[in-house]
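In what follows, a structure is listed as structure tokens, so that the remarks can point back to it.
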Amino acid sequence: MSKSYRDGLPITPDKFVDQLMRLKRGSIGRRDFLGLTGLGVATAVMARELGIMPTPAFAAENLGDRMSIATWPNYHDPQTFENFKAETGVAVEVNVFGSNEEMLAKLQAGGSGWSLFVPTNYTISTYKKLGIIEPLDMAKLANYDGTKEDSRFTAEGTIDGTIYAVPKNWGTTGFAVNTKKLAKPMSSWKEFWDTAMAEGDGRTMVHDYQLTTIGNALKYYGYSFNSLKQDELARAEELLLKVKPHLFAVSSDYQPGMRAGDAWMTMCWTNDGAQLHRDIPEIAYVLGNEGGEIWTDFYAIPKDAPNKPAGYALLNYLINPAVAVKEHLANGAPSTDARVNALLPKEVLDNPILYPAADLLKPLEFGAAATLTDPGRAELMARFKSA
Amino acid sequence: MALSMRGSLFRKNLVTALLLAPAALWLVVFLVLPFVAIAIFSVGERAPEGGYQAALTFAQYANLPARATAFWNTMVLAPAGALACLLVAYPVAYYLALRAPQRWRLILLAMIVIPFWTSLLMRTYAWMYILGGRGIPALLAYVGIEDLRLINTPGAVLLGIVYGYLPLMILPIYVSLERLDRRLLEASADLGATPLSTFLGVTLRLSLPGVTTGFSLVMILLLGEYLIPTLLGGGKVFFIGNALVDLFLQSRNWPFGSAIAITLVLVSVVVLIVANRISTRLSGARRVDLI
């Protein structure tokens, strides 16, 4: 038999094109069909979900063997989930998101598959209104102690006296600056935007997130971070469109750019600011003195959670102060829980990135629920991104 | 006799129908129904908290100009990207099919196909690091070129597109060139044609089916592209794919997103029909099935 260069090739170009043309004409083999359409996989998954194929049964107190959580990037100590698995046998699948809108979209569409998720304060009332989250069964959360929580940060988890969500971390939204590249001291959002169009040209990042990008542009003029007023939004849009050509990126994933030195300045959340500064000391974290955002992230359980027992078990585990303190040290965002703060080393509590001075905290605003669903802000963001 | 013949004919039809049923069911459930759902969504309204609420209005379609920039960017990117792919792919395919030594072909073809086994997302992330500050710019800093920025530029997006879609362009062209009857080239030379006019009049002409297949394949995929502009362009360049992602995942305006999706499908069909016409005309009587 003669040897051809084609022998052993996974697919020859001729076959590839033949197959392609065959597909176009609508003729297809069974194997290709299952492979190409994913029907094989889909059947297997559906069979499992519908209970046709056996899975370990979970009764009321059985936690099953897996669950999934929706949360933010760089926000947990991976070891925490390993430990939880070792203790309970439940493997945790972690899904990370870039915005609250995206989390809401997945939950609104249904079938997210999450048994626990981490929404930010201003979204909880909308989740409740849409009936997407359930009131928490506090009997299952023995580790929660409301009297030890700082009420400044916890209010939005409770609606009409019912607890829908319990707090995880709080923090602020400021900006991070590489002081080796941009040496002049900055302390305001006005300087942030002006620098982006001057020394920071081509090196500045803003979030791919309407709340903070529009909110911090509003602060340039001293307007409320949450403004829905048309004339104020119009001026913010004018600024954003002017800055757009000077930007390095519109993205909420700013750590890689800052770490690589491609970006010199970015809008930034407390925990990312702390992580960047810890690893690269010349990266400073600045809070705009005009104000901006203060936030609390909460834990909540979706109504359609496929594994509620495990969701509650993980939540109860995560709010155990001994576990929460490790989470805090890993992600760098301040805790709302006095029991956790008592376990933290002094140098953490003295870190001004985590615990800014009172006069800087005072003008900050919590995000407002209306911004989440306001079509005007969404369209403004789309015009900014497509400009 | 006649009865049994009718019986076997009936049985044959039944078998055919049964064999076709799963595929038909699949198409109805996963292609036709979602398309109908999108069409219904597109004449609806956005609910106050986002999502969909029933209505019968063409307001979403009337609002299409609000994404005109995204449509325009896509209409420029898709053909430009496909053209850039073509310019890189043709010489490669030509070399592979007509010039490369036989024993090297397997290796060269494998080198083109193997990257396809890895997800495009992974490969695009790899480019993010190659072009990022710790990649090529860090190397250039050694020879004194400081603070060069490669990532998040239009050039990076173009590079990502050409890199990602190149095999889809090379393979169809390679096949049409490989099937070329070499005697035609000899005949052309014998009849006094210069190498250039042989190339233009014979080789290029006969490889046009491969070129149009590759071109429309790449172009249609590019019409829905959003990953590469996001990762290598820094999210500053906004294509219709990005508009769709944002409308469904950020502002949760399903009706408007659906109207855009329907429009994009219609545009793609028009593009295909036009490409089909052009290729039919260019390759004379040869008819190429694009749809």
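Each reported figure results from applying straightforward, stated rules to the coordinates on display, with no laboratory input. These numbers were taken from a predicted model, which means no experiment stands behind them. Glycine also receives a Cβ, built like all others from the backbone with ideal geometry; neighbour counts cover every protein chain displayed.
Table for the structure above
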item: Ranked list, fewest to most other Cβ atoms within 10 Å of each Cβ, for B:Thr280, B:Thr230; result: B:Thr280, B:Thr230
item: Spin-label proximity, A:Lys326 to the stretch A:83-124 - amide N less than 13 Å from point 7 Å beyond Cα toward beta carbon; result: A:83-88
item: Segment B:Val32-B:Ala189, extension gain: residue separation times 0.36 nm, minus the distance between their alpha carbons; result: 51.2 nm
item: Length released on extending from A:Asp160 to A:Lys181, taking residue separation times 0.36 nm less the Cα-Cα span; result: 2.6 nm
item: Selection from B:Val76, B:Ser188, B:Ile262 lying farthest towards where the dipole of the stretch B:69-282 points positive, charges on Cβ; result: B:Ser188
item: Nearest-0.05 FRET efficiency for B:Arg281 and A:Ala198, computed from C-beta distance (R0 41 Å); result: 0.15
item: Cα→Cβ-extended label distance, 7 Å offset, between B:Tyr61 and A:Glu347, nm; result: 6.6 nm
item: Centroid-to-centroid separation of the stretch B:5-69 and the stretch A:261-281 [C-alpha atoms, Å]; result: 47 Å
item: Farthest toward positive dipole pole in the stretch B:69-282 [+1 Lys/Arg, -1 Asp/Glu at C-beta], among B:Ser207, B:Ile220, B:Leu87; result: B:Ser207
item: Anisotropy class of the stretch B:69-282 from Cα gyration tensor, a/c 1.5 cut; result: oblate
item: Within straight-line cross-link reach of A:Lys128, lysines at Cα separation under 25 Å, skipping those fewer than 8 residues along the same chain; result: A:Lys106, A:Lys140, A:Lys148, A:Lys168, A:Lys303, A:Lys308
item: Packing rank of A:361-367, B:74-80, B:218-224, A:163-169, where each peptide gets the mean count of other beta carbons within 10 Å, highest leading; result: A:163-169, B:218-224, B:74-80, A:361-367
item: Label point at B:Ala141 placed 7 Å out along Cα→Cβ; residues across the stretch A:193-223 whose backbone nitrogen lies under 20 Å; result: A:199-205
item: Rounded FRET efficiency, nearest 0.05, which uses the C-beta distance separating B:Met122 from B:Gln102 and R0 of 45 Å; result: 0.85
item: Exercise: per-residue mean of other protein chain Cβ atoms within 10 Å, A:373-385; result: 5
item: Unit charges on C-beta of K, R, D, E only; dipole of the stretch B:69-282, Debye; result: 280 debye
item: Prolate/oblate/rounded label for the stretch A:98-167 (Cα gyration tensor, a/c 1.5); result: prolate
item: The stretch A:379-387 - phi-based ³J(HN,Hα) in whole Hz, Karplus 6.51/-1.76/1.60, Gly and Pro as x; result: 5, 4, 4, 5, 5, 4, 6, 8, 5
item: Under 5 Å, built H, 5+ apart or other chain: amide partners of A:Lys168; result: A:Asp297, A:Phe298, A:Tyr299
item: FRET efficiency for B:Val88 and B:Val245, using Cβ-Cβ distance with R0 set to 30 Å, rounded to 0.05; result: 0.60
item: Of the DSSP H helices in chain B, those whose Cα atoms cover at least 15 Å axially and whose Kyte score averages 0.5 or more; result: B:2-27, B:68-94, B:102-113, B:120-131, B:154-178, B:204-223, B:254-282
item: Over the stretch B:69-282, relative contact order from alpha-carbon pairs under 8 Å, at least 6 apart, %; result: 29 percent
item: Average partner coverage of A:101-109, which counts Cβ from other chains inside 10 Å; result: 5
item: Packing-based order for B:39-52, A:111-124, using average beta carbon neighbours within 10 Å, highest first; result: A:111-124, B:39-52
item: Tensor-based shape of the protein assembly as shown (alpha-carbon gyration tensor, a/c under 1.5 rounded, otherwise prolate or oblate); result: prolate
